[in-house]
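The values are calculated or read from the model by the stated rules, or taken from the named source; none is laboratory data. Here the structure is a predicted model, which means the values were calculated and not measured. Cβ coordinates were reconstructed from backbone atoms using ideal geometry, including for glycine residues, and neighbour counts include every protein chain displayed. For accessibility, only protein heavy atoms count, side chains too; no ligands or nucleic acids. Shrake-Rupley method; radii C 1.70, N 1.55, O 1.52, S 1.80 Å.
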Amino acid sequence: EQLIRKAEIFPIEFIVRNIATGSLTKRLGIPEGTVLEKPLLEYCYKKDELNDPLISREHIFSFGWASENEIKSIDKMTLRINDILLGMFRAIGIKLVDFKIEYGKIWNKDTEKKEIVLADEISPDTCRLWDVNSDKKLDKDRFRKGLGNLIEAYQEVARRLDILHEQSNIRPLKYTKPQAVKIKK
Ligand code: TMP
């Protein structure tokens with residue numbers, strides 16, 4: 001069962017980086033694997049047609065995508081989430097390189113006010129996770145870079161977190177091109 005709540009999503013992706021890789025190295029030429037002195041927070045405008053461009057806080061305020069107070073509390077939550085995830089992954093031999101997270105606003109009936117909630121998944125699809133010893137990628141970069149063994153890597157993360165179901169028998173799907181199906185009335 002899942003309890004679903006409708007949230008008004010901020011049109012912003014919040015990215016936290018602990019180690020330089022991906023678009024940060026491409027954009028600014030920071031050497032791959034540079035450990036950042038402190039977590040780096042970036043904002044991207046959620047607009048697929050524009051490839052979710054990097055924006056500054058001033059863009060957010062100028063265009064009313066969130067208020068200064070909202071960004072202040074979201075930044076605080078994001079850095080706290082980073083702290084928790086860093087420790088959780090470190091304990092199972094994984095470096096949390098970076099991740100993306102989104103937030104929304106929901107109506108709180110008790111306080112009769114809108115409140116900010118985390119409204120996103122946290123998974124190897126939205127984080128970069130490297131093995132502490134080998135730097136092996138255990139995240140979606142296996143797919144993005146065509147490295148293969150994506151499912152095995154995700155299962156490895158789940159196994160180390162002790163959340164892999166014993167019976168789980170997930171394999172990459174091999175399927176033929178889907179064909180149109182006629183539905184009888
Ligand atoms: P980047 O280096 O490509 O900017 O990605 C930074 C982090 O954000 C990385 O953990 C992957 C994640 N991410 C998403 O989850 N969705 C996206 O659309 C993008 C661009 C990045």
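Does any residue in region 23-48 that is closer than 18 Å to F99 by Cβ come within less than 7 Å, Cβ to Cβ, of a residue that is of a type in the set (G, A, S) six or more places away or on a different chain, and which pairs are these?
I30/A20; E32/A20; G33/A20; T34/A20; L36/A20
Take the conditions outside any loop (DSSP other than H, G, I, E, B), within 28 Å of Y45 (Cβ to Cβ), open to solvent by 40 Å² or more (accessible area, probe 1.4 Å) and within 14 Å of the ligand (Cβ to nearest atom) and apply them to L79. Does it pass? Steps first, please.
Working: outside any loop (DSSP other than H, G, I, E, B): yes; within 28 Å of Y45 (Cβ to Cβ): yes; open to solvent by 40 Å² or more (accessible area, probe 1.4 Å): yes; within 14 Å of the ligand (Cβ to nearest atom): no.
For L79, the condition - outside any loop (DSSP other than H, G, I, E, B), within 28 Å of Y45 (Cβ to Cβ), open to solvent by 40 Å² or more (accessible area, probe 1.4 Å) and within 14 Å of the ligand (Cβ to nearest atom) - is not met.
Considering only residues of region 7-54 that are open to solvent by less than 30 Å² (accessible area, probe 1.4 Å) and outside any strand (DSSP E or B), which is nearest to the ligand (Cβ to nearest atom)?
The residue in question is G22.
State the number of residues belonging to region 123-152 that are in contact (Cβ under 8 Å) with a residue 12 or more places away in the chain, of a type in the set (A, V, I, L, M) and in contact with a strand residue (DSSP E or B) (Cβ under 7 Å, 6 or more places away or on another chain).
Result for region 123-152: 3.
For F61, are the conditions met, namely being closer than 21 Å to S123 by Cβ and either crowded, with 18+ Cβ neighbours inside 10 Å or more than 14 Å from the ligand (Cβ to nearest atom) (or both)? Don't jump to the end; show me each part of the working.
Details: closer than 21 Å to S123 by Cβ: no; either crowded, with 18+ Cβ neighbours inside 10 Å or more than 14 Å from the ligand (Cβ to nearest atom) (or both): yes.
Judged against the criteria, F61 is not a match.
Pick from I92, I116, I106: which is closer than 23 Å to E13 by Cα and touching a residue at least 60 places away in the same chain (Cβ under 8 Å)? Break it down stepwise before answering.
On the way: I92 fails: closer than 23 Å to E13 by Cα; I116 fails: touching a residue at least 60 places away in the same chain (Cβ under 8 Å).
Selected residue: I106, the only one of I92, I116, I106 that is closer than 23 Å to E13 by Cα and touching a residue at least 60 places away in the same chain (Cβ under 8 Å).
Among residues belonging to region 105-130 that are within 16 Å of the ligand (Cβ to nearest atom) and not hydrophobic (A, V, I, L, M, F, W, C), point out the one that is surrounded by the most Cβ atoms within 10 Å (Cβ to Cβ). It would help to see each step written out before you state the result.
Filtering region 105-130 down to residues within 16 Å of the ligand (Cβ to nearest atom) leaves 118-130.
Still in the running and not hydrophobic (A, V, I, L, M, F, W, C): 120-121, 123-126, 128.
On the way: D120: 16, E121: 12, S123: 14, P124: 24, D125: 11, T126: 17, R128: 21.
Among residues in region 105-130 that are within 16 Å of the ligand (Cβ to nearest atom) and not hydrophobic (A, V, I, L, M, F, W, C), the one surrounded by the most Cβ atoms within 10 Å (Cβ to Cβ) is P124.
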